[in-house]
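Colleague: Here it is, the structure, as structure tokens.
The values are calculated or read from the model by the stated rules, or taken from the named source; none is laboratory data. In this text the structure is predicted, and so the values were computed from the model without any measurement. A quick note on method: Cβ atoms are made from the backbone with ideal geometry, for glycine too, and the neighbour counts reach across all protein chains shown.
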Amino acid sequence: MTKQEYIRPAEAAKIVKLSMSTLAKMRVNGTGPKYTKAGAKVVLYSKGDLHQWLFDRRRSSTSEVVGR
């Protein structure tokens, strides 16, 4: 297993260029990057997962369907 660097939603939002509110809504809908819950209220994102999520959304045309 490789060592992951985990960050809080504020830093994650900066990386993916979305607001913290949008990330929170995406967590509820299951459409955002993978995340980890550390306790009842602490949300953490892996930097690797954030970059993978962005990579998976690359498109070469505006007509391509965005996957989840």
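Colleague: Could you give me the residue pairs with C-beta distances under 6 Å whose first residue belongs to the stretch 1-28 and is modelled with pLDDT of 95 or more and assigned to a helix (DSSP H, G or I), whose second residue is crowded, with 16+ Cβ neighbours inside 10 Å and hydroxyl-bearing (Ser, Thr, Tyr) wherever it lies, and which are 6+ apart or on separate chains?
Modeller: Matching pairs, first to second residue: ALA12/TYR45.
Colleague: Quick one: how many residues across the stretch 35-68 are of a type outside the set (S, T, N, Q), out of contact with any Leu (no Cβ under 9 Å at 6 or more places or on another chain) and outside any helix (DSSP H, G or I)? Don't jump to the end; show me each part of the working.
Modeller: Within the stretch 35-68, the subset of a type outside the set (S, T, N, Q) is 35, 37-45, 47-51, 53-59, 64-68.
Add one more test, that the residue is out of contact with any Leu (no Cβ under 9 Å at 6 or more places or on another chain), and what stays is 39-42, 44, 47-51, 53-59, 64-68.
Those left that are additionally outside any helix (DSSP H, G or I): 39-42, 44, 57-59, 64-68.
Total satisfying the criteria: 13.
Colleague: When the residues of the stretch 43-56 are filtered to those that are free of Cβ contacts under 8 Å to residues at least 24 places away in the same chain and more than 10 Å from the chain's Cα centre (by Cα), which remaining residue is surrounded by the most Cβ atoms within 10 Å (Cβ to Cβ)?
Modeller: ASP56
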